[in-house]
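Below is one structure, written out as structure tokens; comments come after it.
Coordinate-derived values only; no laboratory data. Owing to the predicted nature of the structure, the values given are computational and were not obtained by experimental measurement. With ideal geometry, Cβ positions are generated from the backbone for all residues, glycine too; neighbour counts draw on all protein chains shown.
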Amino acid sequence: MDNDRILADVYQGYGTVGSLPWPDYSPAYDADLNDTYAQDVDRAKALVAEVGAIPVIPITYTTGSSDSEAVAQIIQADLAAAGIETRLEPVDQATNLKHLIGGTYGGLWITAHTYTQYTPATLPTSAYPFNSKKNTSNFIDPDYQAAVANAWQIVDPTSAEAEAAYKVLNTELLDNAFLIELFASENWLAMSANVHDVDWSKKAELDLSDTYLSE
């Protein structure tokens, strides 16, 4: 996939492209590993040729979401360039959530996720797409589970022990690639200079607790 195009054309450059799910302030962020994957159409064509005939793959996204639809269209074009035919499959939000929780998608799917703003072990233990014991992709792997369990048991997320554990976790995410990270988005607000102390909660929700107006 051309993640740079997705970020530039759909989200006007507000975010960063990377192979890992972490923002740059996360203890699990790894600049070197974050550049593991990039678009390589020739390599993709060669891999498709090795596999042989591939059935048409659905790409599911939430209907009514203009950005998700645009992302799906770009992914469809990128896969077509590699020789993989897909069909777009928009579904309502309730159905999409049902598939996300139950792991019942029929092919590829597009969704957004948070949890990366917390201690890194929170993502693979709490978010449906990443959960090591039961996830949306129905991916179960003992090494991935062990990496998650090890990271979860470390008290200090900024310690050397945690750094080593996160490197193992990142390697598992990249080697297995049961999820393909497209980019990390950023929250932006357009507001008057008279508005002060606007903040975001840990859950990435708009926090106006201390917000005030001035003349």
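Any chance you could count how many residues in segment 168-191 are surrounded by 13 or more Cβ atoms within 10 Å (Cβ to Cβ), of a type in the set (F, W, Y) and in contact with a Phe, Trp or Tyr (Cβ under 6 Å, 6 or more places away or on another chain)?
Matching residues across segment 168-191 total 1.
How many residues are part of a loop (DSSP other than H, G, I, E, B) and among the hydrophobic types (A, V, I, L, M, F, W, C) when one looks only at segment 101-124?
2
In segment 140-158, is there at least one residue being touching a residue at least 24 places away in the same chain (Cβ under 8 Å), buried (at least 19 other Cβ atoms within 10 Å of the Cβ), under 25 Å from T62 (Cβ atoms) and touching a helix residue (DSSP H, G or I) at 6+ places or on another chain (Cβ under 8 Å)?
The answer is no; no qualifying residue exists.
Anything in segment 49-75 that is polar (S, T, N, Q) and surrounded by 18 or more Cβ atoms within 10 Å (Cβ to Cβ)? List them, or say none.
T60, T62, S68
Of all residues in segment 1-14, count the ones that are in contact (Cβ under 8 Å) with a residue 12 or more places away in the chain, part of a helix (DSSP H, G or I) and either β-branched (V, I, T) or under 19 Å from S65 (Cβ atoms) (or both).
Within segment 1-14, residues that are in contact (Cβ under 8 Å) with a residue 12 or more places away in the chain, part of a helix (DSSP H, G or I) and either β-branched (V, I, T) or under 19 Å from S65 (Cβ atoms) (or both) number 7.
Kindly state which strands (runs of 3 or more DSSP E) lie completely within segment 15-100 and contain at least 1 residues that are acidic (D, E) and free of Cβ contacts under 8 Å to residues at least 40 places away in the same chain.
86-91
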